[in-house]
Amino acid sequence: MEFTVNMQPELMMSIVWLILGGIIFAISVGFFVTLFRYRLRRRAKKVKVPKAERKPPIEYTRNRTLMQIDKCKDDLAHGRTDIRESYQSMSTIMRNFVSEITGKDVTTHTLSELQQSEDTRLSELIAKWYAPEFAMKTKADFMGDAEHAKNVVKRWK
């Protein structure tokens, strides 16, 4: 029996499939590159700007400081702290208060640095408390000094 249709060589069929596969591969790569670029652009647009840190209202800071001073007085009155520790606590409380109100960190300033600042209210308090804060024994009136500090806090603007 004689065949009228001849078979094509195998190599001819492979080139067609190779070209078709290459085209499909190129289209796929192009699609994924486009998708990747699109996602990068969207991510770059969504960069969030950090929110500005809001300071608590001055009345909240003032009331919290007044309560801390009262707690410091109460601790001394009940013998939980000695007078030296109380003066050190008062100094820390007032430095934190001024730092929060003014926005300038004065918690690590020395007395001379505080005296060089524009506002001398804190430096006057710290200078008055300096001797009792570092002395082993003192006859200073802590309750009066605490009331004076409370008055400074109440009048601070």
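The values are calculated or read from the model by the stated rules, or taken from the named source; none is laboratory data. Note that the structure is predicted; figures quoted are calculated from it, not measured. Cβ atoms come from the backbone with ideal geometry, glycine included; neighbour counts cover every protein chain shown.
May I ask you to verify whether Gln115 is under 28 Å from the mean Cα position of the chain (by Cα) and closer than 29 Å to Lys139 by Cβ? It would help to see each step written out before you state the result.
Details: under 28 Å from the mean Cα position of the chain (by Cα): no; closer than 29 Å to Lys139 by Cβ: yes.
No; evaluated as a whole, the condition is false for this residue.
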| request: Give the number of residues within segment 73-92 that are among the β-branched types (Val, Ile, Thr) and free of Cβ contacts under 8 Å to residues at least 40 places away in the same chain. | output: 2
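Restricting to segment 44-68, name every residue that is surrounded by 12 or more Cβ atoms within 10 Å (Cβ to Cβ) and out of contact with any Phe, Trp or Tyr (no Cβ under 9 Å at 6 or more places or on another chain). Can you show your working first?
Taking segment 44-68 as the starting set, the residues that turn out to be surrounded by 12 or more Cβ atoms within 10 Å (Cβ to Cβ) are 58, 61-66, 68.
Selection gives Asn63, Leu66.
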| remark: Conditions (1) assigned to a loop (DSSP other than H, G, I, E, B); (2) touching a helix residue (DSSP H, G or I) at 6+ places or on another chain (Cβ under 6 Å); (3) touching a residue at least 12 places away in the same chain (Cβ under 8 Å) -> Glu100 fails only (1)
| Some residue of segment 104-126 being without any contact (Cβ under 8 Å) to a residue 12 or more places away in the chain, surrounded by 15 or more Cβ atoms within 10 Å (Cβ to Cβ) and part of a helix (DSSP H, G or I) | no
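Between Arg64, Arg42, Arg84, which is part of a helix (DSSP H, G or I), out of contact with any strand residue (DSSP E or B) (no Cβ under 8 Å at 6 or more places or on another chain) and over 30 Å from Asn96 (Cβ atoms)? It would help to see each step written out before you state the result.
On the way: Arg64 fails: over 30 Å from Asn96 (Cβ atoms); Arg84 fails: over 30 Å from Asn96 (Cβ atoms).
Of Arg64, Arg42, Arg84, the one residue that is part of a helix (DSSP H, G or I), out of contact with any strand residue (DSSP E or B) (no Cβ under 8 Å at 6 or more places or on another chain) and over 30 Å from Asn96 (Cβ atoms) is Arg42.
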| So, in segment 58-72, of the ones that are free of Cβ contacts under 8 Å to residues at least 60 places away in the same chain and of a type in the set (Ser, Thr, Tyr), which residue ends up nearest to Met136 (Cα to Cα)? | Thr61
| note | By residue number, the members of segment 118-133 that are under 32 Å from the mean Cα position of the chain (by Cα) and not acidic (Asp, Glu) are Thr120, Arg121, Leu122, Ser123, Leu125, Ile126, Ala127, Trp129, Tyr130
| request: Would you mention how many residues in segment 51-99 are more than 21 Å from Lys128 (Cα to Cα) and under 28 Å from the mean Cα position of the chain (by Cα)? | output: 15
| said: Condition check: surrounded by fewer than 14 Cβ atoms within 10 Å (Cβ to Cβ) and in contact (Cβ under 8 Å) with a residue 60 or more places away in the chain. Does Met143 satisfy that? | reply: yes
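Please indicate, with yes or no, whether at least one residue in segment 114-122 is among the charged types (D, E, K, R) and at pLDDT 90 or above. Lay out the reasoning, then the answer.
Kept after step one, since they are among the charged types (D, E, K, R), are these residues of segment 114-122: 118-119, 121.
Going one step further and asking which of them are at pLDDT 90 or above, we end up with none.
Looking for residues that are among the charged types (D, E, K, R) and at pLDDT 90 or above, one finds none in segment 114-122, hence no.
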